[in-house]
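S.K.: Here you go, one structure.
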Amino acid sequence: MALAIPASAEGCGKLDHDGQSYVICEVDAAAEPRLRLWQDDADGAPLRSFSAVRRTLAGNEALRFAMNAGMFHADYSPVGLLVIDGQERKGIVTAGGGGNFGMLPNGVFCTGGARPFQVIESRAFAEAQPACRLATQSGPMLVIDGALHPRFLVDSDSRYVRNGVGVSPDGQTAWFAISDRPVTFHEFGRLFRDGLGVRDALYFDGSISRLYAPGLNRADFGRSLGPMIGLVDGE
């Protein structure tokens, strides 16, 4: 196993794991207040792109990185829970169903609560109702209390460019990851569990997965997006 975690916190860098390559963007607890979650503009219209997100920033702010952050409907509204600056924009969904979102257990990425970063299984979240500054629901969970999702197959032939988030066991660090090439769920889950040592990780999406990381000269383009998450520099 060869790891190439970014040398400095909050940076994005390459990581090689089990023959696959990924970009990892690391955010530590001190930077949690600068993490933002975007969905709509000031008029209530979906932002849909990283360029639109950048236009919402103040003149002294810059986007360190951003990626899509959860599944969405045809109108770009989130499929599951979305909390922005403590305000619930869409409620939690606990029912199973078709597609990756409904592949229970799914989960919620929560920041600014009891710990800086948490990934919590959706039904446990609905029961506990923890406070979150930001929260986005997606699915499936990639890693659940140190175990891979039970439906992931080692020999699966379903491969997509995938992205997601995992948190350190102490909740002090979040790692946002996107694969450079199509990978299976099993490979992506192992990245978080074995490569990064996380006990809980959440899948954001596949095939549409995109990253904005100017430090890597990367600004992926493609179809419009729903929720997006990123780190902002500046006051």
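The values are calculated or read from the model by the stated rules, or taken from the named source; none is laboratory data. The model shown is predicted, which means the values in this text are computed figures rather than measured ones. Every residue, glycine among them, receives a Cβ derived from its backbone with ideal geometry; neighbour counts consider all protein chains shown. Ligands, DNA and RNA are excluded from the accessible area calculation, which covers all protein heavy atoms including side chains. Shrake-Rupley method; radii C 1.70, N 1.55, O 1.52, S 1.80 Å.
S.K.: How much length is gained on full extension from residue 73 to residue 41, taking 0.36 nm per residue of separation minus their Cα-Cα distance? Mind dumping the intermediate values first?
M.R.: Details: separation 32, 0.36 × 32 = 11.52 nm, distance 1.72 nm.
This chain segment gains 9.8 nm when fully extended.
S.K.: Scan the chain and hand back the longest stretch that contains none of the trypsin sites (Lys or Arg not before Pro) lying in DSSP loops with at most 13 other Cβ atoms within 10 Å.
M.R.: Of all site-free stretches, the longest is 1-150.
S.K.: Once every DSSP H run of n ≥ 4 in the chain is given -39500 (n - 2.57) and the sum is divided by its residues, what mean residue ellipticity at 222 nm do you get, rounded to the nearest 500 deg cm²/dmol?
M.R.: About -2000 deg cm²/dmol.
S.K.: Please report Rg (one decimal) and Dmax (integer) in Å for the Cα set of region 37-124.
M.R.: Calculated on Cα positions, Rg and Dmax stand at 14.4, 44 Å.
S.K.: Just the number, please: Stokes-Einstein D of the chain in µm²/s, Kirkwood Rh from C-alpha pairs, 4 °C, 1.567 mPa s.
M.R.: So the translational diffusion coefficient is about 75 µm²/s.
S.K.: A follow-up question, please. With a 1.4 Å probe and all protein chains left in place, how much of the accessible area of the chain comes from carbon and sulfur atoms, in whole percent?
M.R.: Roughly 48 percent of what the probe reaches on the chain is carbon or sulfur.
S.K.: Explain nothing, just the number: dipole magnitude of region 53-147 about its Cα centre with +1 on each Lys and Arg Cβ and -1 on each Asp and Glu Cβ, in debye rounded to the nearest 20.
M.R.: Here the size comes out at about 280 debye.
S.K.: Placing +1 at every Lys and Arg Cβ and -1 at every Asp and Glu Cβ, with all other atoms neutral, what dipole size does the chain have around its Cα centre, in debye to the nearest 20? Before the final figure, lay out the partial values.
M.R.: On the way: 22 positive and 27 negative charges, 70 e Å.
Its charge dipole is roughly 340 debye.
S.K.: Using the heavy atoms of the protein chains and a 1.4 angstrom probe, tell me the accessible area per residue for region 116-232 in square angstrom.
M.R.: Working: 4460 Å² over 117 residues.
With the other protein chains kept in place, region 116-232 gives 38 Å² per residue.
S.K.: Over region 53-100, give the accessible area per residue in Å² for a 1.4 Å probe, as an integer.
M.R.: The answer is 51 Å² per residue.
S.K.: Take region 142-211, compute every pairwise Cα distance, and split them into 5 Å bins from 0; I just need the percent in each bin.
M.R.: Reading the bins upward from 0: 4, 19, 30, 26, 15, 5, 1.
S.K.: Right, next: For region 207-235, list residues with backbone N below 11 Å from a point placed 7 Å from the Cα of residue 57 toward its Cβ?
M.R.: Answer for region 207-235: 213-215, 230-235.
S.K.: Positive end of the dipole of the chain, charges at C-beta (+1 Lys, Arg; -1 Asp, Glu), about the Cα centre: which of 24, 100, 86 has its Cα farthest in that direction?
M.R.: Checking the options against the dipole of the chain, the answer is 100.
S.K.: Once you've got the GNM for the chain with C-alpha springs shorter than 10 Å, pick whichever of 61, 26, 187 has the biggest mean-square fluctuation.
M.R.: Judging by the Gaussian network model, the answer is 61.
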